[in-house]
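Read the structure below first, then the notes.
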Amino acid sequence: MTLHLQRPSWHAGELAIHKLVHVPTPNNPTAAGLPASYGHRVQQSPLVAFGALDDGGRPWTTIWGGVPGFARPIGHDLLMAASLVDGRHDPVIAALFGDVDEGGSKYQMNPAEFASGGGKVVSGLGIDLATRDRVKVAGRLVEGGITMEPGPLGGGQDGVARAEMVVLVEEGLGNCPKYLNKRDIRAAVPEPKLVSDSLPLPSEAVELLDKADLFFLSTASAEGRTMDTNHRGGPPGFVRIMRNRADDGVDLVYPEYSGNRLYQSLGNMHVRPLVGLCVPDFDTGDVLYLTGETTILVGADASRVLPHTKLAVKIHVTAARYVARGLPFRGGAADYSPYNPPVRRLAAEKDPALAPDTDAKPPATATLVSRDMITQAVARFTFKLETSRPVQKWKPGQHVTLDFAAELDVGWSHMREDDPTSLNDDFVRTFTISNAAPGSGSGDVISDGAELQITARRHGPATALLWKQPLRVPLELPVLGFGGSEAFRVPLGSQRDDGGGGEGSTAVFVAGGVGITPVLAQAPGLLASGTGFSLLWSLRAADLPLALDSFVRCEGLAGRSRVFVSGEAGALEEAADLISKIEGLGAVVKGGRLTRDDVFQPGQAERRKYYCCAGPELLRPLLGWLEGEEVVYESFEY
């Protein structure tokens, strides 16, 4: 059987949400079928959340897996998954395979369903929390089955089953890592025990929601011909319980944080206001399944329920079940995303005892104390930190996430024609830290009064505020966290310059403009330890003062550097004095843009590992030139 898939277009619900929140409608990036890169990412994911519709058309969500490779491509646009599951209480099992007897249950799509686009609709989200990677897939169930596993009680009485299914993937889309709280996942054998399948929610479910920092959700299009499964994450407690009473029902609400603005889940909710949630407990393997009716809250409607929120979803729960130890995996302690805003509590939560402040309070506050203008467009800003609880020191090359909302949020409005994108702007910004954490020998936590520096180009409202803020008026910004890839840091002592050992590849930093900042934080330690590395730095002539400033502040860095300077005709001649000073410090300066031949130096036989930090206009060709090489990269596109 052959099926020719067309690239998905926006449906009426998605277009309506774009209009409702006043954002332009982009080209739909969803791919037809299962591209090889997406299939690979799913295969690398230890977990996949699956969504399906029950006989009443209600969406449900579950999570399978525990180890990478349990789900994998097996043919053109075909994805297979095989996992231990809870065969008794998993609502997606029931939706796909019906009531499961002791012998199990099977399903197979018939040719007529295949040709007509019918059959059972399935959606999925492959997710690797350890690397903050996720990719969505959606399609139809081709075939599958569930077999009850023998256990101590015999005959499948324990409820543990093995599920296998093959899905025809009709569309896929990679998603960004924002709000993904890092965790290491390990497999576990389910020991399912149904705690409750009625409303209101039991105390165990309330406690889980109070501490949950993520959930998975599934929605469907108006006619139910396609589905979408995705993730929502945040700080513990970001899902709020509005009511949980037998006489008044169960209502939940959660904020929709600033994201990619595709609004595929919300688009489905707009035309089919139903959702299925799965909330896992990574410590115990407990899981809360629920399905309900949705209301999308925008602007003032959202802020009346959740202050300081521009977009939120209210869920009236119509069915739920809480299963102890029902999941086939466990997870380690969370490394929270630096993008997580503070918990946004209900307007009705006036009693502090109902919502302790510890989860909501940022770990530190950064106060702007100095501003050094390096060029007309680039400046270095120094902040002093005050912590509200112990915070680990940042590592060289990491970034800090600052919340500018208190300074820049002008309040809620339904329309804002002069600045439509600000309606979904949370004013959370991320900057690479330019200096190493002070007091390397004084423990692992940041001391009050410690200084943090960022080097930034003026671009957008947050940096504009830093540029114009009078220093005599304190500017205090909540610090949401520190982050950054471990892979972007060069191990000290690798490929030593003095021939004294060290293993691995020689590091080559490739920076574009202010992409030098990860190097500025790492270079002093690398130079002091004798670690071998070199720097290729491409910048505009107008940014040459940044190069001179960096080389003066970091003694020895110039001798490892080749600087490539571009600009309008005559720009290099006008900057001759600056270039002479930079060359006098030991750097090699070359006019023109960085080229492929500059990256690959002839005559060097040692292995090299490239660390690239640049804007997309340089990063794209760089990655093309370096195909097949060992490359780690960061982009300015957070």
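Considering only residues that are in contact (Cβ under 8 Å) with a residue 40 or more places away in the chain and of a type outside the set (A, V, I, L, M, F, W, C), look in region 78-100 and name the one that is surrounded by the most Cβ atoms within 10 Å (Cβ to Cβ).
That would be ASP90.
In region 6-25, is there at least one residue being in contact (Cβ under 8 Å) with a residue 24 or more places away in the chain, buried (at least 19 other Cβ atoms within 10 Å of the Cβ), out of contact with any Ser or Thr (no Cβ under 9 Å at 6 or more places or on another chain) and assigned to a loop (DSSP other than H, G, I, E, B)?
yes
Which residue pairs have Cβ atoms under 8 Å apart, sit 6 or more places apart or on different chains, and have a first residue in region 540-567 that is crowded, with 17+ Cβ neighbours inside 10 Å and a second that is part of a helix (DSSP H, G or I) and basic (Lys, Arg)?
Matching pairs, first to second residue: LEU548/LYS581.
Check region 280-290 and report whether any residue there is touching a helix residue (DSSP H, G or I) at 6+ places or on another chain (Cβ under 8 Å) and β-branched (Val, Ile, Thr).
No: zero hits.
Which members of region 442-466 meet the condition of being in a helix (DSSP H, G or I), of a type outside the set (Gly, Ala, Ser) and out of contact with any strand residue (DSSP E or B) (no Cβ under 7 Å at 6 or more places or on another chain)?
Scanning region 442-466 gives PRO461, LEU465.
From the set of residues in region 367-407 that are of a type in the set (Ser, Thr, Tyr) and outside any loop (DSSP other than H, G, I, E, B), which is modelled with the lowest pLDDT? Even if it seems obvious, please write down each step before you answer.
Of all residues in region 367-407, those of a type in the set (Ser, Thr, Tyr) come to 367, 370, 375, 382, 387-388, 401.
Next cut, outside any loop (DSSP other than H, G, I, E, B) only: 367, 370, 382, 387, 401.
On the way: THR367: 97, SER370: 97, THR382: 98, THR387: 91, THR401: 87.
It comes out as THR401.
Please determine, by comparing only the residues of region 417-439 that are among the polar types (S, T, N, Q), at pLDDT 85 or above and out of contact with any His (no Cβ under 6 Å at 6 or more places or on another chain), which one is surrounded by the most Cβ atoms within 10 Å (Cβ to Cβ).
For region 417-439, the residue satisfying everything is SER434.
Please find, among LEU526, LEU520, the residue that is under 31 Å from the mean Cα position of the chain (by Cα) and within 16 Å of THR375 (Cβ to Cβ). Please lay out each step first, then the result.
Working: LEU526 fails: within 16 Å of THR375 (Cβ to Cβ).
None of the other options fit; the residue is LEU520.
Step by step: first the residues of region 49-77, then only those that are assigned to a loop (DSSP other than H, G, I, E, B) and at negative phi, then the one that is surrounded by the fewest Cβ atoms within 10 Å (Cβ to Cβ). Which residue is that? Step through it out loud before you land on a result.
Looking only at region 49-77, we keep the residues that are assigned to a loop (DSSP other than H, G, I, E, B), and these are 54-58, 66-70, 76-77.
Restricting the remaining residues to those that are at negative phi gives 54-56, 58, 67-68, 70, 76.
Values: ASP54: 16, ASP55: 8, GLY56: 10, ARG58: 19, VAL67: 14, PRO68: 17, PHE70: 22, HIS76: 11.
My answer is ASP55.
Give the residues of region 606-630 that are of a type in the set (A, V, I, L, M, F, W, C) and farther than 22 Å from THR517 by Cα, sorted by residue number.
TRP625
When the residues of region 568-592 are filtered to those that are under 21 Å from LEU526 (Cβ atoms) and among the β-branched types (Val, Ile, Thr), which remaining residue is surrounded by the most Cβ atoms within 10 Å (Cβ to Cβ)? Even if it seems obvious, please write down each step before you answer.
Within region 568-592, the subset under 21 Å from LEU526 (Cβ atoms) is 582, 585-588.
Then drop every residue that is not among the β-branched types (Val, Ile, Thr), which leaves 582, 588.
Details: ILE582: 24, VAL588: 12.
Within region 568-592, the match that is surrounded by the most Cβ atoms within 10 Å (Cβ to Cβ) is ILE582.
The values are calculated or read from the model by the stated rules, or taken from the named source; none is laboratory data. This one's a predicted model, so the numbers in the text were calculated from it and none came from an experiment. Cβ: placed from backbone, ideal geometry, glycine included. Neighbour counts: every protein chain shown.
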